[in-house]
1. Projected area of the chain, taken from the Cα convex hull and averaged over every viewing direction, in nm²?
2. Would you work out the charge dipole size for the stretch 161-252 about its Cα centre, treating the Cβ of every Lys and Arg as +1 and the Cβ of every Asp and Glu as -1, and quote it to the nearest 20 debye?
3. For HIS206, enumerate residues with amide H under 5 Å from its amide H, sequence gap 5+ or separate chain, H modeled in the peptide plane.
4. Once phi is turned into θ = phi - 60°, what whole-Hz ³J(HN,Hα) does the Karplus curve with 6.51, -1.76 and 1.60 give for every residue of the stretch 354-361, x standing for Gly and Pro?
5. Can you list residues from other chains, or at least 5 along the same chain, whose modelled amide H is less than 5 Å from the amide H of HIS15?
6. HN-Hα J couplings of the stretch 24-41 from phi, Karplus 6.51/-1.76/1.60, θ = phi - 60°, integer Hz, Gly and Pro as x?
7. Above 25 Å lies some portion of the pair distances; for the stretch 62-201, what is it as a whole percent of all C-alpha pairs?
8. Got a number for carbon plus sulfur as a percent of the chain's accessible area, 1.4 Å probe?
Amino acid sequence: MSSTVETATEVRPFHVDVPQEELDDLRRRIQATRWPERETVPDQSQGVQLAAIEALARYWGTEYDFGRLESTLSGLPQFMTEIDGLDIHFIHVRSQHEDALPLIVNHGWPGSIIEQLKIIDRLTDPTAHGASAADAFHLVIPSMPGYAFSGKPTSTGWGPERMARAWDELMKRLDYGRYVAQGGDWGAFVVDQMGLQAPQGLLAIHTNMPATVPADVDKASLSGDPPPSDLSAEERRAYEQLIRTYAQVEYARMMAARPQTLYGIADSPVGLAAWLLDHNDADGQPAAAVVSALDRTTSDTGELTRDEVLDNITLYWLTNTGVSASRLYWEYKGGFFNSKGVSIPVAITVFPGEQYQAPRSWAERAYPNLIYFNEVNKGGHFAAWEQPQLFTEELRAAFRSLRQEGSFS
């Protein structure tokens, strides 16, 4: 991967260039995988099943188009700039509509900028997708430190709080004096921190993994205690979902405690693939939405496909970011879903496949300036990746509502 290097604070073009020898080495490593015996149970309770990962590896090593990723990314305007001593890679697509609203979109783990590719055209060129020019966005999609083409921190301190400050600096460097932010998964942590820091240019945030859990509920769910007795039916459902989620985060505990020990995911592409697949969503672990995509070769409605899953895994491999991305879990010492005290305008979309479905009652307490709240009937933890059309409709509606409330005046 190469970039044109100029001065530290300048924004310089970035071009993806994957050497053929790296692709040849990847194929060789896939084909040379030393496999364990199959699991001793008929389900996924011991992890990613052998038959599933063997089938994925066969396709990855023999049929997957390795030029696909490079071609896709090369068709997008990409840049690099140094912020706080670290190179930050980002996609920057300006809308043809000059009055478009600047939006910075934050990815999570085990995702990357690959999560956001299907929403770019829908957001920057809404008239081509049946929406109004008034719903257009200028789009900025950064790679988090330690992920994809961004620099890998060589010292501690690059958690969500520091990323929040860096993203504000990035938007200012692009001459966006007023902008909004969106985040899911770890990106939701970053936009919450942006909301707490409330830099002058940040008008509002949208999150699809809101931090709404009251202190007493948060304490009870983390310790596995019974829920407070005064919860409504909707709040009790959310509590039970939190209990389920905390029972399925072994991967997070490992990365939070010992990320450097994960040498295997830097040495084995199949080991990396299995590790990235074995996160959870509302429908189980491994994440049901991603596992189901492994059998989906095409989709006319934007649903996740096998090639898209492999694009993301391949990006991790080629940039050798399996371990560096894991360190974010070690860096973060705060709570996960507990309310943080964000007071700027906030929009929330609740997807049924999320780690928990935030009740409106909790959202209104956690975000006192809540201007938009909507529960949709489909979509999951990586909503932009899984349901790009619905996701972009929600962003348009959310920020349209904020405009109507006068928050952008």
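1. Taking the Cα atoms of the chain, their convex hull projects to 19.6 nm² on average.
2. Dipole size: approximately 360 debye.
3. ALA181, GLN182, GLY183, ALA347
4. Values, residue by residue: 6, 4, 8, 9, 5, x, 4, 4 Hz.
5. SER2, THR4
6. Result, ordered by residue: 4, 5, 4, 4, 4, 5, 4, 6, 9, 4, 8, 8, x, 6, 5, 4, 9, 10 Hz.
7. Counting pairs separated by more than 25 Å, the tail of P(r) holds 26 percent.
8. C and S fraction of accessible area: 47 percent.
The values are calculated or read from the model by the stated rules, or taken from the named source; none is laboratory data. Computed from a prediction, not measured in an experiment: that's the story for all the values here. In this analysis, Cβ positions are derived from the backbone assuming ideal geometry, glycine residues included, and neighbour counts consider all displayed protein chains. To get the accessible areas, we keep the full protein, side chains included, count just its heavy atoms, and leave off ligands, DNA and RNA. Shrake-Rupley method; radii C 1.70, N 1.55, O 1.52, S 1.80 Å.
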